[in-house]
Amino acid sequence: MKTLLNYLEESGVGEELTHVVISLADCVKKIADSMDKSHDGKAGSQNVFGEEQLALDLIANEIIVYEMEQNKHVGIVASEEMEEEKSVGEGEYGVCFDPLDGSSLVDVNLSVGSIFGIYKTKTFFGVRGDNQLASMIAVYGPKTTILLTVRHGVCEFLLRSDGEFVLTRENLQVGPGKMFAPGNLRACSKRKDYLKLLDFWAENNYTLRYSGAMTPDVAQIMLKGKGIFTYPGYDEQPDGKLRLLYECAPMALLMEECSGMATDGNLRILQKDVESLSQRTPILIGSSEEVQRAMDMLQNG
Ligand code: F6P
């Protein structure tokens, strides 16, 4: 079986990017491991031994920051869990991440994820998703998997019990198909166009698949090869909730590499400049057919 390392070596991305991706995969192993315990995901709770626990998202953040500090190719990191970007060395690579997406679902045992964007940069201010050299998401569910792009398509890797990530699927493609994951339904009370789009999906026999964590929801679209995930804004929250740098840009690169689309309704997500680290953006992401329809209906609705 092809390992993640074999894949990266064969892909010709070079030793440095290979080393960065392997370090991130090591973080995923450690995060999966810390979730394997009796942790309910919250700060201030106790494990079976009566020890105080840190929130899992903070543990995941510490794991990644520490690992990036050890990697000589990485110079800067930014995390959804930190207010500012942090210098971690002299390396040329910048890694941004959401260490534990959907962390509020840990206590009810639904799937959660980690999201990573890899750039060559000394700062994340002014970058855009198109500058990413690679992006990767990890899903912690019944199994731990990674979806990775080094800009040669998207592959899935499975974490085996011996600690090795092995290639399980390659060249993932997203095309036509009736599946929808509608985030922020609260917007329907203010946006009749979003309500109309929901009606369209319901009347046309689409399958609803929505978990409440963007990472498994979008991973599902790439793995099933069809569907759309939406998280629009509305007047009180015009840019929605999801972060451009930490969530939307890495997901958008993966989706485009699967022949899908990701837009804020006007602009490709990958063309949006990062003006602030916590910048939010509405997002429509999935198969080109479904995203195009959603754009048309939300603009004309
Ligand atoms: O940004 C975190 C997140 O949990 C996403 O993974 C998910 O899609 C979204 O928030 C869910 O938001 P809401 O709380 O509006 O349902």
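The values are calculated or read from the model by the stated rules, or taken from the named source; none is laboratory data. Predicted model only: the values in this text are computed from it and were never measured. Here the Cβ positions follow ideal geometry from the backbone for every residue, glycine too, while neighbour counts run over all protein chains shown. Ligands, DNA and RNA are stripped out before the accessible areas are found, and what is left, the full protein with its side chains, is counted by its heavy atoms. Shrake-Rupley method; radii C 1.70, N 1.55, O 1.52, S 1.80 Å.
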Of Pro282, Pro238, Pro216, which residue is modelled with pLDDT of 95 or more, under 28 Å from Thr123 (Cα atoms) and not basic (Lys, Arg)?
Pro282
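Only one of these is in contact (Cβ under 8 Å) with a residue 24 or more places away in the chain and charged (D, E, K, R): Glu62, Glu90, Glu85. Name it.
Numbers: Glu62 fails: in contact (Cβ under 8 Å) with a residue 24 or more places away in the chain; Glu90 fails: in contact (Cβ under 8 Å) with a residue 24 or more places away in the chain.
When all the criteria are applied, what remains is Glu85.
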Quick one: is Val112 within 24 Å of Leu244 (Cβ to Cβ), modelled with pLDDT of 95 or more and more than 16 Å from the ligand (Cβ to nearest atom)?
no
Counting only residues that are away from the ligand (no atom under 16 Å from the Cβ) and open to solvent by 20 Å² or more (accessible area, probe 1.4 Å), which one in segment 178-195 is nearest to Ala252 (Cα to Cα)?
Lys178
Looking at segment 162-190, I want the residues that are in contact (Cβ under 8 Å) with a residue 60 or more places away in the chain and in a loop (DSSP other than H, G, I, E, B) and have a partner that is of a type in the set (Asp, Glu) and away from the ligand (no atom under 12 Å from the Cβ) with Cβ atoms under 7 Å, at least 6 apart or on another chain. Which pairs are those?
Leu172/Glu156
Six or more apart or on different chains, Cβ atoms under 6 Å: show the pairs whose first residue is in segment 15-27 and within 14 Å of Ala60 (Cβ to Cβ) and whose second is hydrophobic (A, V, I, L, M, F, W, C) and open to solvent by 10 Å² or more (accessible area, probe 1.4 Å).
Cys27/Ile63
If the requirement is being at pLDDT 95 or above, within 16 Å of the ligand (Cβ to nearest atom) and open to solvent by 10 Å² or more (accessible area, probe 1.4 Å), which of these qualifies: Leu198, Leu254?
Leu198
Residues in segment 193-200: is at least one under 30 Å from Gly126 (Cβ atoms) and either of a type in the set (Phe, Trp, Tyr) or touching a residue at least 40 places away in the same chain (Cβ under 8 Å) (or both)?
no
Contact list please: Cβ distance under 6 Å, first residue in segment 264-287 and farther than 21 Å from Ser79 by Cα, second residue among the hydroxyl-bearing types (Ser, Thr, Tyr), pairs at least six apart or on different chains.
Asp264/Thr281; Leu284/Thr230; Leu284/Thr263
Count, please, the residues in segment 35-61 that happen to be in a helix (DSSP H, G or I) and either at pLDDT 90 or above or more than 22 Å from the chain's Cα centre (by Cα) (or both).
6
Out of all the residues in segment 285-301, which are open to solvent by 40 Å² or more (accessible area, probe 1.4 Å) and either under 20 Å from Arg243 (Cα atoms) or modelled with pLDDT of 95 or more (or both)?
Glu289, Gln292, Arg293, Asp296, Met297
Test each condition in (1) open to solvent by less than 10 Å² (accessible area, probe 1.4 Å); (2) over 20 Å from Gln299 (Cβ atoms); (3) within 13 Å of the ligand (Cβ to nearest atom) for Cys248 and report the one that comes out false.
(2)
Taking the condition within 16 Å of the ligand (Cβ to nearest atom), among the small types (Gly, Ala, Ser) and open to solvent by 10 Å² or more (accessible area, probe 1.4 Å), does Ser211 pass?
yes
Which pairs do you get when a residue that is closer than 13 Å to Ser276 by Cα, found in segment 241-253, comes within reach of a residue that is of a type in the set (S, T, N, Q) and part of a loop (DSSP other than H, G, I, E, B), reach meaning Cβ atoms under 6 angstrom, with the pair 6+ apart or on two chains?
Leu244/Gln279; Leu244/Thr281
Looking only at segment 224-245, filter to residues that are among the charged types (D, E, K, R) and near the ligand (Cβ under 9 Å from one of its atoms); which one of those is nearest to Leu147 (Cα to Cα)?
Arg243
